[in-house]
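The values are calculated or read from the model by the stated rules, or taken from the named source; none is laboratory data. Note that the structure is predicted; figures quoted are calculated from it, not measured. Neighbour counts are summed over all protein chains in view; Cβ atoms, including those assigned to glycine, are modelled from backbone coordinates with ideal geometry.
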Amino acid sequence: MNYLITDNTSGAVRLRDIPETDYASFYDDLRTRLSDSRWHVGHYFALPEEEARLRFYLLLLDDATGQVLIGSFAREYYDDTALPSLTALHAQMHPFEREIAERWGIRFDGMPWPKPLRFPFDRYDRNSTMDNYPFYAMEGGSLHEVNVGPIHAGIIEPGAFRFICNGEQVLHLEIALGYQHRGVEHLFAATRNRLRQLCLAEAAAGDSAVAHATACVETIEKLAGTARPAQLAPERLVALELERMAMQIADTGALSMDVGYQLGQVACEALRTMTINTTQAWCGNRFGKNLIRPLGTDHPLTAEKAAMIRRNVAEIARRYDEVRHDIKSSPTLLARFEQCGIVPREEMLRIGGVGQAARASGAARDIRASHPWGLFAGTLAHESIVKTQGDVMARLMVRCREVLQSAGCIDRLLEGFVPAETRRPDYGAPLAPRSLAFGLVEGWRGETLHVALTDDRGDIAAYRIKDPSLHNWMALALAVRGEGISDFPICNKSFNLSYCGHDL
Amino acid sequence: MIFPKIRVLRSHGRQAIPDLDAVELTSEFRGRPELTEPADAESRTALDEAAALCPTGALAAAPFALDLGRCLFCGECARRAPQSIRFTNDYRLGSPTREGLVLRPGDRRVEFDRKEVRPEICRCFGRTLKLREVSAGGDASVEMELGATGNVNFDLGRHGISFTASPRHADGVVVSGPVTRNMAEALDICYDAVAEPKILVACGTDACSGGLFAESRAVDRSFFERHRVDLWLPGTPTHPMVFIDGVRTLLGLKTRQ
Ligand code: SF4
């Protein structure tokens, strides 16, 4: 099968340059290619075209060379023959085939997990609703089901979890999502106000506002094709690493809380406050909303702000390292975290896991290293932190190390910082017509991918957002298998996945 | 094993903000905007441009008004039309009425009309208030800020105000998010499960108006047509101090001048 080969630093590609094949060769190629963990699917979606056609686009990421392979196939809109399912061979395809089936009514033959994904408002089958989600069931006198949600005990987003347990032991967990569906992608393509589009990207997952905004401006700047001020690259990176620090610290605190380690909890709460207040003192918003803007910035770093960030980050890193040290020297904590919620490397790769959760299972998936963009592609080589155990402790330790690593990265970026000329954001730059561009960045959860397609006039005709949670929810379901149900909270928090980023 | 703990404790020190009513936020924080009627044609044009760019239609140029209930506090309008709009760091943004969130030129505070507060609210909840939070399309940032109100820094629990796990234990519901169609029923069930008398708080710009998602077909806001909201709190997300100030003012523990 033919692909258009590009990478994470090249510009937009013209739609007519993307080769189109038939499903048979598409299927054949992926069947063999995905057996090698070097490749994984970044995105796979369908869009209607003129002449009553449905065109399917695939973005395939090659971790070995950093290439991004773009391929496509098409078929008639009203053609209702079933396609042989790729999920049957490669479980990582499941969210994409489920989305395509749910949205367009495409049937995938042999699909082992034919479940709704997010119940979008424009779904093909209006009779499929939240209330009749087809939960998996098991029969047996000693089995019972536990249903949790959609509203949870804490102040978090909604989602429904159904456990099938044998006594205390979890045999199966099924996670039904879609409660958070707001129609983000549809609204994105429905407006030409680029500021509104940026705000929508930031709202895709509010705890990853910087990661999603960075993916969005990358996409838009590629389509605009104009050079951006050099100063923006380090500033955006500082913002992204601050977000990573804040959230990894928050999750360390959440895990501490769930095992009754109050000292760690309150220390992390205070450190997170300090981190997000640093972001707020820079841009006025604790989550870094409004900080990342196309082709310019409203909050250029001044020498004073850069010094303030450096100072705070050094202090946070020092104190956080003390917490990390305390965790590692507390046998009661290790007894809860170690050997709990294990996802082995092979499983993680099979389901297409990404980000820090994958790295805790020995799968070195990290866009900063494999598909570098911005400064990572230039002066700043990134070395991923990888653990092999795949348990709660490994996920926690990856977080811990990443906080310290991000702090070091910010320190290096701001060392001897000299403010340079920057521009104000440009919300009116014309975009290349009939083109495709993507923004691919490593947020704190992992691989965050935005894809835009433009029409004849250079307006965004379709926009696709992928939060890393789309891949990783399945990893949580696997992690709790065989565990006591009372370990679910720490398993859940060791992943801390996004509901709204999944449901969009 | 004890020494690492002592070290953490010593670095941690004392974190609680001593007086929540005396908090002042960084000057960068975008809180209550102040509007000035444009004096010349140039600033009038700038204001028109700002209104056209506003991502949610929160800003109206003529008659000049800014609806905090729709505002994302992105600050873009103030940069386009600095003569007409200026953001202050005032976090006292909560209002007992939706109309109270609409600011006009000359307004120097968000009015808190005490007449609009039901008398049973101070009587029943003045000393302790337990709330159940329901996220119905919230983007996790509002939820995290609500969680932060009880953390070691803000420690709102010291005033008897906190969040509870079950609606059966709650005196009221805090809603975040625009209310998605897929969450509408669960929100109804949760609200009905809270015993009377109860209060209802809309937290965040998405909850107040639908925000970015006001026109989305994936959203169903009929909940807010059927139930009276006691406190409207704008923000993207709502800063913990906006929540703390709003709730304490609602309960009559704080006045707004
Ligand atoms: S700050 Fe508010 S009113 Fe101004 S442009 Fe942004 S959303 Fe609109």
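A compact table of results
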{"read-out": "Those residues of the range A:281-292 which are at the interface with another protein chain (Cβ under 9 Å from one of its Cβ atoms) and either out of contact with any Ser or Thr (no Cβ under 6 Å at 6 or more places or on another chain) or part of a loop (DSSP other than H, G, I, E, B) (or both), in sequence order", "value": "A:W282, A:C283, A:G284, A:N285, A:R286, A:F287, A:K289, A:N290"}
{"read-out": "Scan of the range A:181-199 for residues that are small (G, A, S), in contact (Cβ under 8 Å) with a residue 60 or more places away in the chain and facing chain B (nearest Cβ under 9 Å), ordered by number", "value": "A:G183"}
{"read-out": "Enumeration of residues in the range B:27-67 that are of a type in the set (S, T, N, Q) and loosely packed, with under 12 Cβ neighbours inside 10 Å", "value": "B:S27"}
{"read-out": "Subset of the range B:139-163 [among the charged types (D, E, K, R) and either facing another protein chain (nearest Cβ under 7 Å) or surrounded by fewer than 22 Cβ atoms within 10 Å (Cβ to Cβ) (or both)]", "value": "B:D139, B:E143, B:D155, B:R158"}
{"read-out": "Positions within the range B:90-106 being away from the ligand (no atom under 13 Å from the Cβ), closer than 20 Å to B:R228 by Cβ and not in a strand (DSSP E or B), in sequence order", "value": "B:G94, B:P96, B:T97, B:R98, B:E99, B:G100"}
{"read-out": "Close pairs from the range A:305-321: first aromatic (F, W, Y), partner exposed (fewer than 15 other Cβ atoms within 10 Å of the Cβ) and in a helix (DSSP H, G or I), Cβ under 7 Å, at least 6 apart", "value": "none"}
{"read-out": "Failed item, numbered, when B:F112 is tested on (1) under 18 Å from the mean Cα position of the chain (by Cα); (2) in a strand (DSSP E or B); (3) more than 12 Å from every other protein chain (Cβ to nearest Cβ)", "value": "(2)"}
{"read-out": "Looking only at the range B:51-89, and only at residues there that are small (G, A, S) and near the ligand (Cβ under 6 Å from one of its atoms), the one that is farthest from the other protein chains (Cβ to nearest Cβ)", "value": "B:A58"}
{"read-out": "Test: residue in the range A:254-277 that is under 18 Å from B:V142 (Cα atoms), assigned to a loop (DSSP other than H, G, I, E, B) and touching a Gly at 6+ places or on another chain (Cβ under 7 Å)", "value": "no"}
{"read-out": "Options B:R127, B:R132, B:R168: the member that is more than 7 Å from chain A (Cβ to nearest Cβ), in contact with a helix residue (DSSP H, G or I) (Cβ under 8 Å, 6 or more places away or on another chain), among the basic types (K, R) and surrounded by fewer than 18 Cβ atoms within 10 Å (Cβ to Cβ)", "value": "B:R168"}
{"read-out": "Unique residue being of a type in the set (A, V, I, L, M, F, W, C), under 28 Å from A:Q197 (Cβ atoms) and not assigned by TED's automatic domain parsing to the domain that holds B:G246 when the list is B:A46, B:A39, B:A16, B:A22", "value": "B:A46"}
{"read-out": "Every residue from the range A:80-100 that is within 17 Å of A:L504 (Cβ to Cβ) and among the β-branched types (V, I, T)", "value": "A:I100"}
{"read-out": "Helices (runs of 4 or more DSSP H) fully within the range B:169-257 counting 2 or more residues that are free of Cβ contacts under 8 Å to residues at least 60 places away in the same chain and more than 30 Å from A:N277 (Cβ to Cβ)", "value": "B:181-193, B:222-226"}
{"read-out": "Helices (runs of 4 or more DSSP H) contained in the range A:392-504 and holding at least 3 residues under 30 Å from A:M308 (Cβ atoms)", "value": "A:392-414"}
{"read-out": "Residue that is farthest from the other protein chains (Cβ to nearest Cβ) [pool: residues in the range B:185-219 that are surrounded by fewer than 19 Cβ atoms within 10 Å (Cβ to Cβ) and closer than 28 Å to A:L198 by Cβ]", "value": "B:A214"}
{"read-out": "Of all residues making up the range B:5-24, the number that are in a helix (DSSP H, G or I), farther than 11 Å from A:R319 by Cα and facing chain A (nearest Cβ under 9 Å)", "value": "1"}
{"read-out": "Count of residues meeting criterion [closer than 20 Å to A:N496 by Cβ and in contact with an Asp or Glu (Cβ under 9 Å, 6 or more places away or on another chain)] in the range A:364-389", "value": "8"}
{"read-out": "Residues of the range A:455-467 satisfying the condition of being more than 14 Å from chain B (Cβ to nearest Cβ) and either crowded, with 24+ Cβ neighbours inside 10 Å or on the phi > 0 side of the Ramachandran plot (or both)", "value": "A:G458, A:K466"}
{"read-out": "Residues of the range A:77-100 that turn out to be under 19 Å from A:W473 (Cβ atoms) and either of a type in the set (S, T, Y) or not in a loop (DSSP other than H, G, I, E, B) (or both), as a count", "value": "11"}
{"read-out": "Which listed residue, of A:A52, A:A46, is of a type in the set (G, A, S) and at pLDDT 90 or above", "value": "A:A46"}
{"read-out": "For B:E120: the one exception among (1) surrounded by 15 or more Cβ atoms within 10 Å (Cβ to Cβ); (2) more than 23 Å from B:A207 (Cα to Cα); (3) more than 15 Å from the ligand (Cβ to nearest atom)", "value": "(1)"}
{"read-out": "Qualifying residue in the range B:42-49 (condition: facing chain A (nearest Cβ under 8 Å), in a helix (DSSP H, G or I) and of a type in the set (A, V, I, L, M))", "value": "no"}
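Per-residue answers, yes or no, for (1) within 24 Å of A:K328 (Cα to Cα); (2) not aromatic (F, W, Y):
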site	(1), (2)
A:I249	yes, yes
A:V266	yes, yes
A:R272	yes, yes
A:T275	yes, yes
A:T279	no, yes
A:W282	no, no
A:N285	no, yes
A:N290	no, yes
A:M308	no, yes
